[in-house]
Amino acid sequence: MNRFKDAAAPIAYPAAQGLRLRSLPPEPALLSPRPALHALPAAGNAASPPAYLPQGDECLLFAQAHAAQLPLLLKGPTGCGKTRLVEHMAARLGRPLITVSGHDDLGAADLTGRHLIAGGDTRWVDGPLARAVREGAIFYLDEVVEARKDITVVLHPLADDRRQLPLERHGELLDAAPGFMLVLSYNPGYQHLLKGLKPSTRQRFVALTLGYPTPELEARIVQSESGCTAEVAAALVRLAQALRRLTEQDLEETASTRLLVMAARLTGQGLTLQRAAQVAVMEALSDDTQTLAALQEVLDAVLGE
Ligand code: ADP
């Protein structure tokens, strides 16, 4: 059996025209089914991908995992840019993107598909994962640990060399089209004993951890995402830094880049910085009046009353 039977099939990277491919150090042919991507398709080649300011080499790594037909696990706190990275890279790689958010009722059949009865007829309707596998899309399952455990049955054969999706109820075994990529994300901070990823799942994925960006980068992100001034962005980032120091032990969530962008957008509508931070950041972090009072003290100290 040819372990890399997809390797001979050409992968169309419409967005990758003009790509610089540098040659790799020689490797046994079996271990190197196709050249790795050393240069990314320039963002300008795709139809304006959603903006993403990288924290490190994550864009290149994403493209390399895609070219090597490896699935990717993105770890990181909520609101730190995981989804935006996937949206950005899907556009740069010229692949359709299908996103599903994990929740405690999400099971295998929601991903693979089901028979629907319409007008006395029964017909099979592909679920989002089956569609992505057929189309060679990037399939992004956000917050995977929230989903039901039976989804691993469909994810495992897709995540290893088989790259297959069994549609048992439909009696079909789908081979993933070239270009298909499985991307999962979760927030390790939320994990408790029952909700971790099983080692057998984790070991099938290339894993990448994103944290909150450095203060300089985060200020640039807040400014470019909201159109606020550099001063407003810098002040919000200072607030986030102080809150992260304070809340990391006490709260399940802390001030994310997403919340800062929301606060910055409100200042663009005429709200004062203090009020915008209160409604967009503080109120999102806790419902408890005592905790909110403590957070308010931090806000006053950082932004002034
Ligand atoms: P996550 O998926 O990690 O919960 P998102 O990707 O949805 O977070 O990010 C939330 C928001 O924060 C995005 O919509 C975007 O406005 C902003 N953001 C975070 N990181 C970046 C980044 N590196 N570049 C551009 N925008 C970012």
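Give me the pairs, please: first residue somewhere in the range 81-102 and within 18 Å of Q55 (Cα to Cα), second residue anywhere and assigned to a helix (DSSP H, G or I) and more than 13 Å from the ligand (Cβ to nearest atom), beta-carbon distance under 7 Å, and either six or more positions apart or on two chains.
Cβ pairs passing all conditions: M89/A63; R92/A15.
Does the range 100-137 hold any residues that are in a loop (DSSP other than H, G, I, E, B) and at negative phi, and which are they? Spell out how you get there, then give the answer.
Here is the first cut: in the range 100-137, the ones in a loop (DSSP other than H, G, I, E, B) are 102-107, 119-120, 127, 136-137.
Within the range 100-137, G102, H103, D104, D105, L106, G107, G127, A137 qualify.
Given the condition among the β-branched types (V, I, T) and within 30 Å of A284 (Cα to Cα), answer yes or no: does some residue in the range 110-118 qualify? Break it down into steps so the answer makes sense when it comes.
First, pick out the residues of the range 110-118 that are among the β-branched types (V, I, T): 112, 117.
With within 30 Å of A284 (Cα to Cα) added as a condition, the list becomes none.
Scanning the range 110-118, I find no residue that is among the β-branched types (V, I, T) and within 30 Å of A284 (Cα to Cα), so the answer is no.
Going through R258, R245, R265 one at a time, which residue ends up being assigned to a helix (DSSP H, G or I) and exposed (fewer than 14 other Cβ atoms within 10 Å of the Cβ)?
Details: R258 fails: exposed (fewer than 14 other Cβ atoms within 10 Å of the Cβ); R265 fails: exposed (fewer than 14 other Cβ atoms within 10 Å of the Cβ).
Matching residue, one of R258, R245, R265: R245.
Restricting to the range 198-210, count the residues that are within 20 Å of C80 (Cα to Cα) and touching a helix residue (DSSP H, G or I) at 6+ places or on another chain (Cβ under 7 Å).
Going through the range 198-210, the residues within 20 Å of C80 (Cα to Cα) turn out to be 206-210.
Add one more test, that the residue is touching a helix residue (DSSP H, G or I) at 6+ places or on another chain (Cβ under 7 Å), and what stays is 206, 208, 210.
Of the residues in that region, 3 qualify.
Can you find, within the range 134-188, the residue that is surrounded by the most Cβ atoms within 10 Å (Cβ to Cβ) among those that are polar (S, T, N, Q) and within 21 Å of the chain's Cα centre (by Cα)?
This residue is S185.
If you take the residues in the range 73-103 that are near the ligand (Cβ under 10 Å from one of its atoms) and of a type in the set (A, V, I, L, M, F, W, C), which one is farthest from A63 (Cα to Cα)?
C80
What residue, among those in the range 194-246 that are away from the ligand (no atom under 15 Å from the Cβ) and basic (K, R), is nearest to A51 (Cα to Cα)?
Per the criteria, the residue is R238.
Since every read-out is calculated from the coordinates, none of them should be taken as a lab result. Source: prediction; values computed, not measured. Cβ atoms come from the backbone with ideal geometry, glycine included; neighbour counts cover every protein chain shown.
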